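The block underneath contains the structure these notes are about, expressed in structure tokens.
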Amino acid sequence: MTRVLIVGATSAIAARTAHLYASRGAQLFLIGRSADKLQRLCNALGDAVVGSICCDLDETDENAERVDEARQALGGLDIAILAHGLLGSQLETEAHYDAAHAIITTNFSSMVSLLIPLANAMEAAGHGQLAVLSSVAGERGRPRNYTYGAAKGALTIYLQGLRSRLYRSGVAVHAFKLGPVDTPMTVDHTKNATFSTAARVAADIVSHLDGRGGARFVPWFWAPIMTVVRWLPEPIFQRIAALSGR
């Protein structure tokens, strides 16, 4: 039986992922911020859930203990999925350090505070899969979201190093670089053809975790798009309004 920890479980993508693993007979431990949403998700998943924690993951000093509680409840750990995040307001981060600090803490620092105990436990066990939701925003700084993108870019680089460190240990590290997804986080965003759905992204995550570790763009078509965006010379990049505009 697969033992799965899902952090940020009440997000639309994570909840869909939890349902997919529950349908496979996995045992789940869920961590989320919203007590009401977490309770509803646990009720919906029933006996698949062996435990849950409602907490603020930005309280990073307590995250190692939360990981340990999850591992003990599951009796070990096969898969850990870190899906929490904060989009925030770019304009607010340009005016107030507190807003920038909040985005960096949630999207990078809190992730690292979880990845350290998870990686060490899986390395000691000689197996496991670490899956982290990052973003295409981390591929290049753009005026519309560069604070969020900087945090996600730092996370992606951290995962690169972690993946190479754990390469020979039997632990796979997955970085999912998501394009925009139609979820409550993007409810105020104008939708276009590049937006995916939570159900599609969750299915892609589970399918990829059945294979080998590595970085993956979700959906796949962001790989060629971001290759071009990443390597455009800055003078050209700054002249393309779709990329350098607000």
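The values are calculated or read from the model by the stated rules, or taken from the named source; none is laboratory data. As the structure is a prediction and not an experimental result, all values here were calculated from the model. With ideal geometry, Cβ positions are generated from the backbone for all residues, glycine too; neighbour counts draw on all protein chains shown.
Candidates are the residues of region 121-168 that are more than 14 Å from the chain's Cα centre (by Cα) and under 19 Å from residue 2 (Cα atoms); the one that is surrounded by the most Cβ atoms within 10 Å (Cβ to Cβ) is 122.
Region 90-138 holds helices (runs of 4 or more DSSP H) entirely within its bounds, and those carrying 1 or more residues that are over 14 Å from residue 148 (Cα atoms) and in contact (Cβ under 8 Å) with a residue 12 or more places away in the chain map to 110-125.
One line per residue, one yes/no per condition, for (1) in a strand (DSSP E or B); (2) loosely packed, with under 13 Cβ neighbours inside 10 Å; (3) at pLDDT 85 or above; (4) out of contact with any Asp or Glu (no Cβ under 8 Å at 6 or more places or on another chain):
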position: 188; (1), (2), (3), (4): no, yes, no, yes
position: 192; (1), (2), (3), (4): no, yes, no, yes
position: 202; (1), (2), (3), (4): no, no, yes, yes
position: 205; (1), (2), (3), (4): no, no, yes, yes
position: 211; (1), (2), (3), (4): no, yes, no, yes
position: 217; (1), (2), (3), (4): yes, no, yes, yes
position: 224; (1), (2), (3), (4): no, yes, yes, yes
position: 229; (1), (2), (3), (4): no, no, yes, no
position: 235; (1), (2), (3), (4): no, yes, yes, yes
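Within region 139-151, the set of residues being assigned to a helix (DSSP H, G or I), free of Cβ contacts under 8 Å to residues at least 60 places away in the same chain and of a type outside the set (A, V, I, L, M) comprises 146, 147, 149.
Can you name every residue in region 152-169 that is in a helix (DSSP H, G or I) and either in contact (Cβ under 8 Å) with a residue 40 or more places away in the chain or farther than 24 Å from residue 181 by Cα (or both)? Passing the criteria: 152, 154, 155, 156, 158, 159, 160, 161, 162, 163, 164, 165.
Of the residues that sit in region 237-246 and are among the hydrophobic types (A, V, I, L, M, F, W, C) and more than 17 Å from residue 138 (Cβ to Cβ), which one is modelled with the highest pLDDT?
Of everything passing the filter in region 237-246, 240 is modelled with the highest pLDDT.
No other residue among 74, 91 is over 14 Å from the mean Cα position of the chain (by Cα) and over 25 Å from residue 102 (Cβ atoms) apart from 74.
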